[in-house]
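The values are calculated or read from the model by the stated rules, or taken from the named source; none is laboratory data. Source: prediction; values computed, not measured. FYI the Cβ positions are ideal-geometry reconstructions off the backbone, even for glycines, and counts take in every protein chain you see. In case anyone asks, the SASA skips ligands and DNA or RNA and just uses the protein heavy atoms, side chains included. Shrake-Rupley method; radii C 1.70, N 1.55, O 1.52, S 1.80 Å.
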Amino acid sequence: GSGSGNVNRKYKVSLNEGLVNNGMKLEASSSELYTNYIKEQKDAMPKENFWAVPVVAEMALSKEQVKKAIAGADVAVITISRMAGEGGDRKAVKGDWLLSDTEEANLRLVCQEAHAAKKKAILILNMGNIIDLTAVHNLPDAILHAWMGGQEMGNSIADVLTGKVNPSGKLPMTWALKYEDYSSANNFPESDGNAAYARYEEDVMVGYRHFDTQKVKTLYPFGYGLSYTTFAYSDMKISVEGDHAVVEVKVKNTGDAAGREIVQLYVGKPAVEGLLMPAKELVNFKKTAELQPGEETIVKMQVKAEDVAYFNEKQNNWVVAPGKYTAYVAASAEDIRLQQSVDL
């Protein structure tokens with residue numbers, strides 16, 4: 001990244017280097033094509049500094065180039081990148097939040113030709129943010145979001161692609177079907193053209209709270225993430241211990257690969273007159289140790305009074321409202337596995 005996303009690194013492992021380090025070979029024609037193109041582009045760009053990290057624009061590929069590359073490969077991997085850093089807000093334009101015409105055309109072409117040859121196509125997102133994939137998310141066989149992996153990023157991605165490591169990450173944000181679905185879209189300076197101010201009309205209805213409460217469909221919900229295995233949840237219990245409650249649940253690896261699961265705990269609060277309350281809010285989460293196929297563990301998560309309090313402006317204080325509270329144990333904001341209610 002740039003600005004506060006920039007790192008002083010001793011070295012940098014590229015994706016290509018990571019794949020080779022993990023015993024894979026690069027298809028010769030596409031490797032040469034991109035190596036020459038990237039060098040030419042970077043030679044014409046200003047040198048990288050703390051605030052400015054130049055990104056090479058995607059090269060338009062021809063059908064012949066793609067066919068040749070896929071003929072000599074076992075799998076097709078295509079990356080899409082974005083630079084992120086301090087002082088650069090996202091814009092709902094092509095090449096930023098939206099795919100550029102070239103990126104979309106390349107992705108469609110690579111997936112089409114790979115599938116015609118009965119081979120897999122994998123999309124890797126090399127960025128610290130997200131982009132609009134609504135029109136194309138079903139084209140690749142898998143999507144790996146690498147975020148900002150640091151100087152070992154190439155090796156890390158290769159570890160996941162080869163199955164050496166089972167990915168266990170979950171999305172820290174809601175992936176909307178379209179930019180306008182975000183609660184801040186109408187008031188964000190980049191949206192209304194006025195960069196001098198922003199109106200915070202969404203109140204607490206930010207992120208998954210807005211999508212949940214208003215029942216807005218998402219591309220991928222907050223807390224979502226696939227794995228090479230599956231997990232089952234059972235035996236949910238709620239107990240009160242002193243000034244806090246403990247929610248516990250049994251998690252079992254029901255697949256064929258070892259892996260970790262991130263268990264999320266949401267709470268739905270009772271209604272408060274004159275106040276818009278979210279349908280539920282994340283109050284805790286816990287990542288299991290690596291579970292072997294068939295192995296199970298008990299996950300315990302604590303809930304304190306301040307975790308379920310709301311701010312009462314008339315009293316100028318945090319308040320826990322009396323009434324029914326519902327605890328949801330979930331694999332994502334939309335994937336509720338178990339729930340129980342208690343009266344406080």
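Annotations for the structure displayed:
- So Lys47, is it out of contact with any His (no Cβ under 8 Å at 6 or more places or on another chain), touching a residue at least 24 places away in the same chain (Cβ under 8 Å) and loosely packed, with under 15 Cβ neighbours inside 10 Å: no
- For region 94-101, the count of residues that are surrounded by 14 or more Cβ atoms within 10 Å (Cβ to Cβ) and in contact with a helix residue (DSSP H, G or I) (Cβ under 7 Å, 6 or more places away or on another chain) is nonzero.
- Subset of region 259-273 that is in a strand (DSSP E or B) and under 12 Å from Ala331 (Cβ atoms) - its residue that is most open to solvent (accessible area, probe 1.4 Å): Ile262
- Listed here are the strands (runs of 3 or more DSSP E) enclosed by region 286-331 that have at least 1 residues being touching a His at 6+ places or on another chain (Cβ under 7 Å) and open to solvent by 60 Å² or more (accessible area, probe 1.4 Å): 296-304.
- Breaking point among (1) part of a helix (DSSP H, G or I); (2) open to solvent by less than 20 Å² (accessible area, probe 1.4 Å); (3) in contact with a Phe, Trp or Tyr (Cβ under 9 Å, 6 or more places away or on another chain); (4) not basic (Lys, Arg), for Asn106: (3)
- Checking Val53 against (1) within 21 Å of Leu26 (Cβ to Cβ); (2) in contact with a strand residue (DSSP E or B) (Cβ under 7 Å, 6 or more places away or on another chain); (3) of a type outside the set (D, E, K, R), the condition it does not meet: (1)
- Residue check for Ala142: farther than 22 Å from Ala57 by Cα and either of a type in the set (Asp, Glu) or buried (at least 16 other Cβ atoms within 10 Å of the Cβ) (or both): no
- Looking only at region 207-216, and only at residues there that are part of a loop (DSSP other than H, G, I, E, B) and out of contact with any helix residue (DSSP H, G or I) (no Cβ under 8 Å at 6 or more places or on another chain), the one that is surrounded by the fewest Cβ atoms within 10 Å (Cβ to Cβ): Lys215
- For region 158-182, residues that are more than 26 Å from Lys286 (Cβ to Cβ), open to solvent by less than 30 Å² (accessible area, probe 1.4 Å) and among the aliphatic types (A, V, I, L, M) total 2.
- Number of positions in region 222-258 that are at pLDDT 95 or above and not in a loop (DSSP other than H, G, I, E, B): 16
- Region 210-246: number of residues that are in contact (Cβ under 8 Å) with a residue 60 or more places away in the chain, closer than 20 Å to Glu290 by Cβ and hydroxyl-bearing (Ser, Thr, Tyr): 5
- Residue satisfying condition, being assigned to a loop (DSSP other than H, G, I, E, B), surrounded by 15 or more Cβ atoms within 10 Å (Cβ to Cβ) and without any contact (Cβ under 8 Å) to a residue 12 or more places away in the chain, within set Leu26, Leu61: Leu26
- The residues on offer are Lys42, Lys12, and the sole one that is under 29 Å from Asp96 (Cβ atoms), open to solvent by 80 Å² or more (accessible area, probe 1.4 Å) and not in a helix (DSSP H, G or I) is Lys12.
- Considering residues of region 195-209 that are in contact (Cβ under 8 Å) with a residue 60 or more places away in the chain and of a type outside the set (A, V, I, L, M, F, W, C) only, the residue nearest to Asn138 (Cα to Cα): Tyr208
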